[in-house]
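S.K.: There's a structure below that I have some questions on.
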């Protein structure tokens, strides 16, 4: 864990960028700031960023997919990880955080997350919440970690199975991570 | 290193096909970063919770 310190300049620039985006869309301004904060938090939790020579932060693109045990692909997307190594816990955190924040900001009809929100029903297109509301990412994250420890969800890095939350994964270009849900996970 | 030298070095490091707009964007970015770093050196840094509070209008 590395402590995050913000310069007033960086914060006011971030606010300025949000105002600019909000001229067109408030929703996207919010989504943008959430992404920036999420990236900073992942960076802090994964032991600090790696810098490129020009001072920009190096991020690695990771492909994440959800699948059933029968091998059916349920969804695939990419996340930017601000490090080359990440623990399994941080990987779960990045994933859950991002999908919950995206849902909370955009409020689409379905939530296609790892964990079913408590008052949601499962449909073909994902979880549908009975009432539109904000999902609690921390509860979802706790649930997902518990499920991983109980082998209710398996995480494959390439074709190797991750064994513990503290295990470090090396992310190279093209690394694919698969989440296999063995039982229904509920929380948040 | 003088400011002039730093700017020349910065331009040298840009790709060969950099445009005037690229150079101006990079210069502007540097200026902001340097200002931020000076604020941090002067002990004006803010912790993450404070950053979240200041960005509260943008957080749902």
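S.K.: If you scan the stretch A:1-35, which residues turn out to be free of Cβ contacts under 8 Å to residues at least 24 places away in the same chain and under 21 Å from residue B:44 (Cα atoms)?
M.R.: A:5, A:6, A:7, A:8, A:9, A:10, A:11, A:12, A:13, A:14, A:15, A:16
S.K.: Specify the residue that is modelled with the lowest pLDDT; the eligible residues are those in the stretch A:18-47 that are under 24 Å from residue A:77 (Cα atoms) and not in a helix (DSSP H, G or I).
M.R.: A:46
S.K.: With respect to residue B:44, determine if the residue is free of Cβ contacts under 8 Å to residues at least 24 places away in the same chain, facing another protein chain (nearest Cβ under 10 Å), in contact with a helix residue (DSSP H, G or I) (Cβ under 9 Å, 6 or more places away or on another chain) and not in a helix (DSSP H, G or I). Break it down stepwise before answering.
M.R.: Numbers: free of Cβ contacts under 8 Å to residues at least 24 places away in the same chain: yes; facing another protein chain (nearest Cβ under 10 Å): yes; in contact with a helix residue (DSSP H, G or I) (Cβ under 9 Å, 6 or more places away or on another chain): yes; not in a helix (DSSP H, G or I): yes.
For residue B:44, the condition - free of Cβ contacts under 8 Å to residues at least 24 places away in the same chain, facing another protein chain (nearest Cβ under 10 Å), in contact with a helix residue (DSSP H, G or I) (Cβ under 9 Å, 6 or more places away or on another chain) and not in a helix (DSSP H, G or I) - is met.
S.K.: Still on this structure, I have one more. Restricting attention to the stretch A:139-151, which residues are part of a helix (DSSP H, G or I), touching a residue at least 24 places away in the same chain (Cβ under 8 Å) and out of contact with any strand residue (DSSP E or B) (no Cβ under 6 Å at 6 or more places or on another chain)?
M.R.: Here is the first cut: in the stretch A:139-151, the residues part of a helix (DSSP H, G or I) are A:139-149.
Narrowing the set further to residues that are touching a residue at least 24 places away in the same chain (Cβ under 8 Å) leaves A:139-145, A:147-148.
Matches in the stretch A:139-151: A:139, A:140, A:141, A:142, A:143, A:144, A:145, A:148.
S.K.: Another question, then. Name the residue, out of B:33, B:7, that is modelled with pLDDT under 90, in a helix (DSSP H, G or I) and surrounded by 13 or more Cβ atoms within 10 Å (Cβ to Cβ).
M.R.: On the way: B:7 fails: modelled with pLDDT under 90.
Result: B:33 is the single residue among B:33, B:7 that is modelled with pLDDT under 90, in a helix (DSSP H, G or I) and surrounded by 13 or more Cβ atoms within 10 Å (Cβ to Cβ).
S.K.: Then there's this: Every residue in the stretch A:84-94 that is surrounded by 21 or more Cβ atoms within 10 Å (Cβ to Cβ) and farther than 17 Å from residue A:66 by Cβ, please.
M.R.: Hits for the stretch A:84-94 are A:86, A:90.
S.K.: Take residue B:24 and decide whether it is more than 9 Å from chain A (Cβ to nearest Cβ), over 29 Å from residue A:34 (Cβ atoms), exposed (fewer than 12 other Cβ atoms within 10 Å of the Cβ) and at pLDDT below 90. Break it down into steps so the answer makes sense when it comes.
M.R.: Numbers: more than 9 Å from chain A (Cβ to nearest Cβ): yes; over 29 Å from residue A:34 (Cβ atoms): yes; exposed (fewer than 12 other Cβ atoms within 10 Å of the Cβ): yes; at pLDDT below 90: no.
Here the answer is no, as residue B:24 does not meet what is asked.
S.K.: Within the stretch A:48-72, how many residues are modelled with pLDDT under 75 and either within 12 Å of chain B (Cβ to nearest Cβ) or at negative phi (or both)?
M.R.: 10
S.K.: Could you list all residues from the stretch A:60-93 that are without any contact (Cβ under 8 Å) to a residue 24 or more places away in the chain and in a loop (DSSP other than H, G, I, E, B)?
M.R.: Correct list: A:70, A:71, A:72.
The values are calculated or read from the model by the stated rules, or taken from the named source; none is laboratory data. Just so it is clear, the structure is predicted and the values come from calculations on it, not from any experiment. Neighbour counts are summed over all protein chains in view; Cβ atoms, including those assigned to glycine, are modelled from backbone coordinates with ideal geometry.
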